[in-house]
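Chemist: Dropping the structure in here first, questions after.
Nothing in this text is a laboratory measurement; each read-out follows from the coordinates by a stated rule. These figures come from a predicted structure and were not determined experimentally. Note that each Cβ is placed from the backbone with ideal geometry, even for glycine, and that neighbours are counted across all protein chains shown.
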Amino acid sequence: MSTYTIEPPGVVALPVAGTGAMFPVRRVYCIGRNYAAHAVEMGHDPDREAPFFFQKNADNLDISGEFPYPPESSDVHHEIEMAVMLKSGGSNIALEHALDHVYGYALSLDMTRRDLQGEQKKMGRPWEIGKAFERSAPVGIIHTVDDIGHPDQGRVELKINGEVRQEGDLNQMIWKVPEMISYLSVYFTLAAGDVILSGTPAGVGPVSKGDSMRVSIEGLGSMEIPVV
Ligand code: MN
């Protein structure tokens, strides 16, 4: 057996409701503009055009229960999203089989350095600096399909300091979960451990240190994430 030249990086793993076992993460895909009202607020056409994806890193997922305000930005935005965890994958997955690959679902946030993302957009450059920073995706406990089925409707809400800022319904997704899985699998080989952040409803906006974000999705409970 070969040895490593340096200490191998640890596996990112997320807690699962009702079990002591953890879900190990491989990749994180995020869809852009998947709720019409959010596409409009970002200055885009809400029509159904081909979906687009970007990625975060597995170790950007954060279960600490708090969000540290990141460096080099003065406009960090909240985006509440439902995370989809895969237990298997493949290529060219048919729409009708897509949900068979889902292990469970969780609350998550796609925190965004909007000022840096905006500069990158203007220059036609990649988004990582705005999206894939340390601890940029707070995530909640995973609820398994065995426990909750496949949520495809239900209220999505984010409050800052008790005031509603984002609200929508899972049924407003332009590209539904099976469609996202099927589409991604044409371009990538999906696999067990992959996570998909499914987009955010309207109302994104800035957070400040000292704020507290309360995120909830019907069927997935809620979590309180202070900005520190
Ligand atoms: Mn997002």
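Chemist: Each residue of the stretch 42-51 in turn: what ³J(HN,Hα) in whole Hz from Karplus with 6.51, -1.76, 1.60 and θ = phi - 60°, glycine and Pro shown as x?
Modeler: Taking θ as phi minus 60°, the curve returns 8, x, 10, 6, x, 4, 6, 10, 3, x Hz for the stretch 42-51.
Chemist: Reachable lysines from K87, Cα under 27 Å, same-chain residues fewer than 8 places away excluded?
Modeler: Of all the lysines, those that pass the test against K87 - Cα under 27 Å, at least 8 places apart if same chain - are K56, K131, K176.
Chemist: Shifting gears a bit: Rounded to the nearest 500, what is the 222 nm mean residue ellipticity of the chain from helices alone, with -39500 (n - 2.57) per DSSP H run of 4+ residues and division by all residues?
Modeler: Using -39500 (n - 2.57) per qualifying helix, the result is -3500 deg cm²/dmol.
Chemist: Based only on Cα atoms, what Rg/Rh ratio does the stretch 38-159 have, Rh being taken as Kirkwood's radius?
Modeler: Reported Rg/Rh, Kirkwood definition of Rh: 0.98.
Chemist: Net charge near A137: determine it from the other residues with C-beta under 12 Å of the C-beta of A137, scoring Lys and Arg +1 and Asp and Glu -1.
Modeler: Net charge in that neighbourhood comes out at -3.
Chemist: Next up: With bins 10 Å wide starting at 0, give me the P(r) of the stretch 13-226 over every alpha carbon pair, in whole percents.
Modeler: Here the calculated profile for the stretch 13-226 is 9, 37, 40, 14, 1.
Chemist: Another question, if that's okay. Rg and Dmax in Å for the stretch 1-42, alpha carbons only: what are they?
Modeler: 18.4, 55
Chemist: Another question about this same structure. In whole Å, what are the Cα extents of the stretch 1-87 along the three principal axes, biggest one first?
Modeler: Extents along the principal axes: 54, 34, 30 Å.
Chemist: Further question: Work out how much length H44 to E96 would gain on full extension: take 0.36 nm times their residue separation and subtract the Cα-Cα distance, in nm to one decimal.
Modeler: Value of the extension gain: 15.7 nm.
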